[in-house]
Structure formats: structure tokens, C-alpha cells
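A.B. asks: Okay, here's the structure, questions in a sec.
The values are calculated or read from the model by the stated rules, or taken from the named source; none is laboratory data. What you see is a predicted model, and the numbers here were worked out from it, not measured in a lab. Cβ: placed from backbone, ideal geometry, glycine included. Neighbour counts: every protein chain shown. Surface areas here come from the heavy atoms of the whole protein model, side chains and all, with no ligands, DNA or RNA. Shrake-Rupley method; radii C 1.70, N 1.55, O 1.52, S 1.80 Å.
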Amino acid sequence: MERWLKRAYIFECFLFRSLNNQFHRKWLNGYFRFITHLGGAAVSISVCLLLLFLPFETLKEASLASALALALSHIPVALLKKLYPRKRPYLQIINSYVLQNPLCDHSFPSGHTTAIFAISTPFIISFSALSLLLLPLSLSVALSRIYLGLHYPSDVAAGMLIGSSFGYGCFSFFL
């Protein structure tokens, strides 16, 4: 088991470096520095609140499910960060690129990725045509976390799973 875990970590570091080593590309820097904020607390909470108060009845279920999923999905994120205090990759992997004033809390799982998938999943289920916009957007936020040196790929994968699960579960609750 230990041998398998070591190989998985080596592969994960390879994936991390493959994306993080693109850090010097100016257009990617601008894109990922901007897009990553869509999964942050200020934007994700603001979007949920704005959607709740829009006068369109067709959006109401998805908006409620998104807001509830955002709130509930961060309970397991907070618990997992305490139970599995994994250091961020820029602290562990030599020659990683990271922005000034990087995050210092634990990396597993990615809260930004959890947030964007929790919010977008109910809308993807409700309005399948939106998946053409929301899925690439959500994946971009997830990739930005690796690109910016803040998360391992498994942190992001866990965030995708948690966010999508809560998004689906909360949407199903309103059916």
C-alpha cells in the first residue's frame, strides 16, 4: 500500500509541475489569476445571493439549491482540512511558482473548487445548455488552483467531487 501511495504522489507531483511550470506565460497568468476568484468566498456568496433575488421563477430552484450546496459543502471541507492537514504544494515541491502572499492553511480539499462546483451543478442539471459555459468555467477555476501553486490535483479532484455531490444532492432536495 505504501509503495502505491508513493507512486501516486510522484504522479501527482508530475501533474502539478506540468501545469504550475506554465506560470511564466503572461496570458495564462492573467486568466488564472482572474478566474480563480470565481470560486472564492466573496464572489461565490455574492453570486448565490444575487441569483436568489432575481425575479425569474425558473431560476429559483437552481438558485436555492446552489446557495444551500455552497453553505453545506464547506462543512466537510473544513473538517477534512482539520483531519488531513496537508501542506500546500508550493511548500513541499521545490521550484514551485506561487503568487505573493499565498494561502498558508491546509490544502486538502480545495475550497474554491468545491464552491464553484457546488454552485454550478444545480444550474447544469436545470439548464443543460448552460453546461457549455459552466463546465469549462468550473474546470478553469479548478485548474487555476493547481496553476497558481496552491493545490495538488487530488485536492482539486476532491473539491470537484464534494461540490458536485452537494450540488446534486441539494438540487434533488428541491425536486
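A.B. asks: Using Cα pairs closer than 8 Å and at least 6 residues apart in sequence, work out the relative contact order for region 68-137, in percent.
C.D. replies: Relative contact order here is 36 percent.
A.B. asks: Leaving out ligands and nucleic acids, note down the accessible area per residue over region 76-137 with a 1.4 angstrom probe, in whole Å².
C.D. replies: I get 57 Å² per residue for region 76-137.
A.B. asks: Related question: Order 86, 145, 25, most accessible first, counting only protein heavy atoms with a 1.4 angstrom probe.
C.D. replies: Result, largest first: 25, 86, 145.
A.B. asks: Also: Grab the Cα-Cα distance for residue 60 and residue 82, subtract it from 0.36 nm times how many residues apart they are, and report the gain in nm with one decimal.
C.D. replies: Going from the current span to full extension adds 4.5 nm.
A.B. asks: Of the candidates 154, 18, 107, which one comes out as most mobile in a Gaussian network treatment of the chain with C-alpha springs shorter than 10 Å?
C.D. replies: Largest GNM mean-square fluctuation: 18.
A.B. asks: Now for a separate question. Just check region 1-89 against the gyration tensor rule for me: Cα atoms, a ≥ b ≥ c as the square roots of the eigenvalues, rounded for a/c under 1.5, and otherwise prolate or oblate depending on whether a/b exceeds b/c.
C.D. replies: Oblate is the answer for region 1-89, as a/c is 1.5 or above yet b/c matches or exceeds a/b.
A.B. asks: Order the following by accessible area, largest value first: 147, 168. Probe radius 1.4 Å; ligands, DNA and RNA are ignored.
C.D. replies: Sorted descending by solvent-accessible area, the residues read 168, 147.
A.B. asks: Between the alpha-carbon centers of region 130-149 and region 62-88, tell me the distance in whole angstrom.
C.D. replies: Measuring centre to centre over Cα atoms gives 17 Å.
A.B. asks: Points 7 angstrom from Cα along the Cβ direction at residue 41 and residue 128: gap in nanometres?
C.D. replies: Result for the modelled spin labels: 3.8 nm.
A.B. asks: Here is a further query. Where a ≥ b ≥ c are the square roots of the eigenvalues of the C-alpha gyration tensor, would you call the chain rounded, which needs a/c under 1.5, or, failing that, prolate if a/b is larger than b/c, or oblate?
C.D. replies: prolate
A.B. asks: Between residue 31 and residue 18, 0.36 nm times their residue separation minus their Cα-Cα distance comes to what?
C.D. replies: Fully extending the segment from residue 31 to residue 18 adds 3.0 nm.
A.B. asks: Carbon-plus-sulfur fraction of the accessible area of the chain, 1.4 Å probe, in percent?
C.D. replies: Of the solvent-accessible surface of the chain, carbon and sulfur hold 71 percent.
A.B. asks: Right, another one. If contacts are Cα pairs under 8 angstrom and at least 6 residues apart, what is the relative contact order of the chain in percent?
C.D. replies: Reported relative contact order: 33 percent.
A.B. asks: Follow-up. By how many nm would the segment from residue 49 to residue 174 lengthen if fully extended, with 0.36 nm per residue of separation less the alpha-carbon distance?
C.D. replies: Roughly 43.2 nm would be gained on extension.
A.B. asks: Pull out a ≥ b ≥ c, the square roots of the eigenvalues of the alpha-carbon gyration tensor of region 93-164, then state rounded if a/c is under 1.5, prolate if not and a/b is larger than b/c, and oblate in the remaining case.
C.D. replies: Cα axes put region 93-164 in the prolate bin.
A.B. asks: How big is the accessible area of residue 127 in square angstrom, nearest 10, if you roll a 1.4 angstrom probe over the protein chains?
C.D. replies: 60 Å²
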